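These notes are about the structure you will find just below.
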Amino acid sequence: MARPTTMWRRRAAGPWRRLDAISRAMFPAIMLVVGLFLLGLPLDLPGQAALRPVFTMGCVFFWSLYRPAALPAPVVVGIGLLLDLLGLTPFGLWAVLLLLMQGLTIALRRRLVPAHFLLTWAAFSALSMLATGLEWVVQSWFVPAALPWQPAGLQIVLALALYPALAAFLIRVHRGPAAVELV
């Protein structure tokens with residue numbers, strides 16, 4: 001008796017299909033690095049120095065929440081070290097802060113993914129305030145006096161105000177060019 005042939009036979013993944021899968025998987029990390037370099041350009045934007053950590057915290061929070069495998073811990077450490085180099089903060093500070101943010105986000109993931117956006121925004125706000133506050137404390141500790149709180153306050157305000165727009169952009173990217181399930 002002859003074996004029935006199936007119409008839905010899987011083809012072997014060719015080199016272009018593998019390259020597409022790899023580029024979709026690496027998209028969040030590449031987007032973060034390119035965004036950091038673009039925000040590092042002298043664009044004369046008000047509060048531009050505070051935008052780099054805000055952008056980075058927003059991206060790490062979003063990708064850790066919706067696709068944690070897209071930003072493994074070594075990549076987050078590398079991005080944190082790059083942020084330290086671009087922002088002239090103590091080397092390793094943002095690497096630790098971003099790892100802390102990633103760990104807390106992954107721990108809260110089960111409750112935040114199905115939740116309303118306002119709860120997600122509140123969680124990001126709390127985590128960004130925690131990270132910014134810790135950054136201010138550590139930098140003040142390295143200088144024997146308390147640093148002015150206005151830059152940290154501006155960074156918190158920018159994080160709270162810009163996260164909805166950043167999340168809307170990242171949702172479109174998550175469903176479009178970075179969609180792993182389209183491979």
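The values are calculated or read from the model by the stated rules, or taken from the named source; none is laboratory data. Note that the coordinates shown come from a computational prediction; the quantities given were computed from them, not determined experimentally. Note that we place each Cβ from the backbone using ideal geometry, even for glycine, and neighbour counts take in every protein chain shown.
Of note:
- Only one of the numbered conditions (1) loosely packed, with under 13 Cβ neighbours inside 10 Å; (2) in a helix (DSSP H, G or I) is not met by Leu104, and that is (1).
- Candidates in segment 89-123 are the residues that are under 14 Å from the mean Cα position of the chain (by Cα) and small (Gly, Ala, Ser); of these, the one that is nearest to Val76 (Cα to Cα) is Ala95.
- The C-beta contact set for segment 54-73 (first residue part of a loop (DSSP other than H, G, I, E, B), second residue surrounded by 18 or more Cβ atoms within 10 Å (Cβ to Cβ), distance under 6 angstrom, 6+ apart or interchain) comprises Leu71/Pro28; Leu71/Trp63.
Residues checked against (1) of a type outside the set (Phe, Trp, Tyr); (2) at pLDDT 95 or above:
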{"site": "Leu85", "(1), (2)": "yes, no"}
{"site": "Thr89", "(1), (2)": "yes, no"}
{"site": "Trp94", "(1), (2)": "no, yes"}
{"site": "Leu99", "(1), (2)": "yes, yes"}
{"site": "Leu104", "(1), (2)": "yes, yes"}
{"site": "Val113", "(1), (2)": "yes, no"}
{"site": "Leu119", "(1), (2)": "yes, yes"}
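- Residues located in segment 148-159, provided they are buried (at least 16 other Cβ atoms within 10 Å of the Cβ) and among the aliphatic types (A, V, I, L, M): Ala152, Leu154, Ile156, Leu158, Ala159
- Residue, nearest to Glu135 (Cα to Cα), within segment 93-117, restricted to residues that are β-branched (Val, Ile, Thr) and touching a residue at least 24 places away in the same chain (Cβ under 8 Å): Thr105
- Qualifying residue in segment 79-92 (condition: without any contact (Cβ under 8 Å) to a residue 12 or more places away in the chain, hydrophobic (A, V, I, L, M, F, W, C), at negative phi and not in a loop (DSSP other than H, G, I, E, B)): yes
- Any chance Leu36 is touching a residue at least 12 places away in the same chain (Cβ under 8 Å), touching a Cys at 6+ places or on another chain (Cβ under 7 Å) and surrounded by 13 or more Cβ atoms within 10 Å (Cβ to Cβ): no
- When segment 59-100 is filtered for residues that are crowded, with 19+ Cβ neighbours inside 10 Å and over 18 Å from Gly35 (Cβ atoms), only Leu93 remains.
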